[in-house]
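Q: Here's a structure for you.
The values are calculated or read from the model by the stated rules, or taken from the named source; none is laboratory data. Quick caveat: nothing in here was measured; it's all calculated off a predicted structure. Here Cβ is always computed from backbone atoms with ideal geometry, including for glycine, and neighbour counts include all displayed protein chains. Accessible surface is based on the protein model in full, side chains and every heavy atom, while ligands, DNA and RNA are left aside. Shrake-Rupley method; radii C 1.70, N 1.55, O 1.52, S 1.80 Å.
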Amino acid sequence: MTTDALEPNRRDFLVVAGNAFAAVGAASLLWPFIQQMNPDASTKALSSVEIDLSPVKEGQAITAMWRGKPIFIRNRTKSEVEAAESVDVAKLPDDNARNEALTGNEPATDANRTVKGHENWIVLIGICTHLGCIPKGQSMGDERGEYGGWFCPCHGSTYDTSGRIRKGPAPRNLEVPPYAFETDTKIKIG
Amino acid sequence: MGGSTSSYVPTSRWGKWLDERLPIARLMNDSFVDFPTPRNLNYLWTFGGILTVCLIAQIATGVVLAMHYQPSDAAAFNSIEHIRRDVNYGWMLRNLHAVGASMFFFAVFIHIFRGFYYGSYKAPREVLWILGVIILLLMMATAFMGYTLPWGQMSFWGVTVITNLFSALDTIYNGLGTAVVEWLWGGYSVSGVTLNRFFALHYLLPFVLTGVVGLHIWALHVAGQNNPTGLDIKQPSDSVPMHPYATAKDAVGIFAFLILFAWFAFFLPDYLGHADNYVEANPLVTPPHIVPEWYFLPFYAILRAFTSSFLGIPLGQYAKLCGVIAMFSAVIIIAFAPWLDTSRVRSAKYRPIFKWFFWFFVFTCVALGYLGSKPAEGVYVTAAQIFTVCYFLFFLVVMPVVGLIETPKLLPRSITDDVLSKGGAAGLPSGATAAPEAR
């Protein structure tokens, strides 16, 4: 009797194996129910956009949509570029470049937030890093704040012409999305 | 539930036939007619019945609204206006549903504070209490998703801000938070896909809620109702049958509550909402102040109290994560009240020190609600941080410590003694009103 109870026999093996198969089967059936909630094929198909920059003159800006988020694209004037380049990175509230095309540890120089040879163009995800508002500064008449970049009306975060946070409650610089110049007047985001 | 001592006697052959096959009439009789109810329940005990009415009203109005509502980003906003203007009585059904959510929370908050004051969470009602916390969580999830459906500016940006909370998980494991948020959204931002799934869940959750409410009532009927003295029912004269005594009192409470409900629904339907939600959702423009509905304000205040520093403690990049954890903890901690409170006396009537802390806790919750409606800057942030600390201290320090140091007042010997020692019954012989069911 004692040995019967302690030694696993063939039936014990079948019970454990059968239950294990059923458990694994049930768990794997869960996956489609979870996965269906992830971004679908049509959403993913829109995950990159091409934007023609030729109509944007110096000093002008356009707002595009990428993955449902506003993208700020500004053709900066010479003085705006100089203002962005002359900043001492060590004194910035956030010294990280926040450029998704880079590895993530670069300093927040203007060069690290733009594409070489196209330094007049700044491309940013136009969502304030504080509580997700859309900052002002894209239209000609907008308040741009004291650093000439963008100004968030919600809680007063002020960004410079490189989209870096300079004043206010936002913790991080505006993100630079991954993008590349396909031609001199066309970019592909994503 | 008095199963063995059931007083149910079928009065017809059909009733007897059914009772032998499915004793549902017996269950109803034993649960809601001949159920022994403490004879000293005050009007705060009518909120259970009021909440049942709220739940039924929300499901009834919600089901018919779903017959006219279209859960897509292109049509949702206009379909709400269609309901308000074109659908027969749509204006009324929509107002009852929208106001009903506020009324539901108003009643549930009183119901919860009642539980805190009279110690209804203490043994043997712990499971009953935890089920109540689960009900609160389900109500919050349902209300949050429901508020998305009109697809106005506040709907859209409210969802954006709240779902973005999960991105705080990125500080634990890089990429985890983003993955969770994109899974919730079904895209890379809040979109019609998100709206569609929130509608499906908003329709489902009230029925889950109903199931948990069933368990809540079941647990209540096993442990029996608490009462203002906090004493158990010890003798027949301590209780009265639920019907007609408690049901009649419930009816008075319910009708008084319905007057308030109707006043809001018919005269101030938008008073508790936000004008911004009558502007269609626009992902390119944010409203200047994103504020949740009033019933979420205390929790929103706790969330926002965690800025880059908390009362001088620097939080840095963990600020958001701390805020999210604190907000969820604020609800979860309620479930631990049965074990945090060390006092054996249930009712705060007999707890001179706890009583004051209770009222300070109520003040803390109201203050957090006020601060949640204010912009997150300057003195409001500091105040929200102080009251957030007060909120958690109530559970983590006041409940365990006061129970140990406090000398409770002398408890009455029984519910009957407590009732008879009060003015009106003083001159009567104790047998006269002691057993009203025997009259």
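Q: Go through the stretch B:172-204 and flag every residue whose accessible area shrinks by 30 Å² or more with all protein chains in place compared to the isolated chain (probe 1.4 Å).
A: B:Trp183, B:Gly186, B:Tyr188, B:Ser189, B:Arg197
Q: Mean projection of the alpha-carbon convex hull of the stretch B:45-109 over all orientations, in nm²?
A: 4.6 nm²
Q: For B:Gly152, enumerate residues with amide H under 5 Å from its amide H, sequence gap 5+ or separate chain, H modeled in the peptide plane.
A: HN-HN under 5 Å from B:Gly152: B:Ala281.
Q: Which of rounded, prolate or oblate describes the stretch B:291-407 when judged by the alpha-carbon gyration tensor and an a/c cut-off of 1.5?
A: The shape class here is prolate.
Q: First check a/c for the protein assembly as shown, with a ≥ b ≥ c the square roots of the eigenvalues of its C-alpha gyration tensor; if it is under 1.5, answer rounded, and if not, answer prolate when a/b is larger than b/c or oblate otherwise.
A: Since a/c reaches 1.5 and a/b is larger than b/c, the shape of the protein assembly as shown is classed as prolate.
Q: How many Cβ atoms of partner chains, on average, are near each residue of A:34-40 if near means within 10 Å of its Cβ?
A: Other-chain Cβ atoms within 10 Å of each residue's Cβ, averaged: 4.
Q: Tell me the angle of helix B:192-223 to the major Cα principal axis of chain B, expressed in degrees between 0 and 90 and rounded to the nearest ten.
A: Tilt relative to chain B: about 20 degrees.
Q: Is it possible to state the helix-based mean residue ellipticity at 222 nm for chain B, with each DSSP H run of 4+ residues giving -39500 (n - 2.57), the sum divided by total residues, to the nearest 500 deg cm²/dmol? What is it?
A: Estimated from H runs of four or more residues: -18500 deg cm²/dmol.
Q: I would also like to ask the following. Between the DSSP loop rule and a limit of at most 16 other Cβ atoms within 10 Å, which chymotrypsin sites (Phe, Trp or Tyr not before Pro) in the stretch B:52-151 are left?
A: Loop-located and lightly packed - B:Tyr89.
Q: Using a probe radius of 1.4 Å on heavy atoms only, what accessible surface per residue do you get for the stretch B:291-407? Whole Å² is fine.
A: In whole numbers, the stretch B:291-407 has 46 Å² accessible per residue.
Q: Going by alpha carbons, how many degrees (0 to 90, nearest 10) lie between the helix axis of B:126-148 and the longest principal axis of chain B?
A: The angle comes out at about 30 degrees.
Q: Could you work out the longest stretch of chain A that avoids the trypsin sites (Lys or Arg not before Pro) located in DSSP loops with at most 10 other Cβ atoms within 10 Å?
A: Within chain A, the longest run free of exposed trypsin sites (Lys or Arg not before Pro) spans A:117-190.
Q: Then there's this: Quote the Stokes-Einstein diffusion coefficient, in whole µm² s⁻¹, for the stretch A:1-153, based on the Kirkwood radius over alpha carbon pairs, a temperature of 10 °C and a viscosity of 1.306 mPa s.
A: In µm²/s, the coefficient is 78.
Q: Relative contact order for the stretch A:12-146: what percent, with Cα pairs under 8 Å and sequence separation of 6 or more?
A: 19 percent
Q: Under 18 Å from a point 7 Å along the Cα-to-Cβ line of B:Leu404: which residues of the stretch B:311-341 have their amide N that close?
A: Within reach of a label on B:Leu404: B:337-341.
Q: Ignoring ligands, DNA and RNA, please state the percent of accessible area on the stretch B:117-189 from carbon and sulfur, probe 1.4 Å.
A: For the stretch B:117-189, the apolar C and S fraction of the accessible surface comes to 76 percent.
Q: May I pose another question? For chain B, what relative contact order do you get, as a whole percent, if you take Cα pairs closer than 8 Å and at least 6 residues apart?
A: Value for chain B: 22 percent.
Q: Using helices alone, I'd like the mean residue ellipticity at 222 nm for chain A: each DSSP H run of four-plus residues gives -39500 (n - 2.57), total over residue count, nearest 500.
A: Result for chain A: -7500 deg cm²/dmol, rounded to the nearest 500.
Q: How much FRET efficiency would the formula 1/(1 + (r/R0)^6) give for B:Ile313 and B:Trp356, where r is the Cβ-Cβ distance and R0 is 35 Å, rounded to 0.05?
A: That gives a FRET efficiency of 0.75.
Q: How big is the B-A contact in terms of buried accessible area, both chains counted, 1.4 Å probe, rounded to the nearest 100 Å²?
A: Between B and A, the summed buried area is about 1700 Å².
Q: Using the alpha-carbon atoms, what tilt in degrees (0 to 90, nearest 10) does helix B:247-267 show relative to the longest principal axis of chain B?
A: Relative to chain B, helix B:247-267 is tipped by roughly 20 degrees.
Q: If a/c stays under 1.5 just call it rounded; otherwise compare a/b with b/c (prolate if a/b is bigger, oblate if not). Do that for chain B, with a ≥ b ≥ c from the square roots of the Cα gyration tensor eigenvalues.
A: Here chain B falls in the oblate category.
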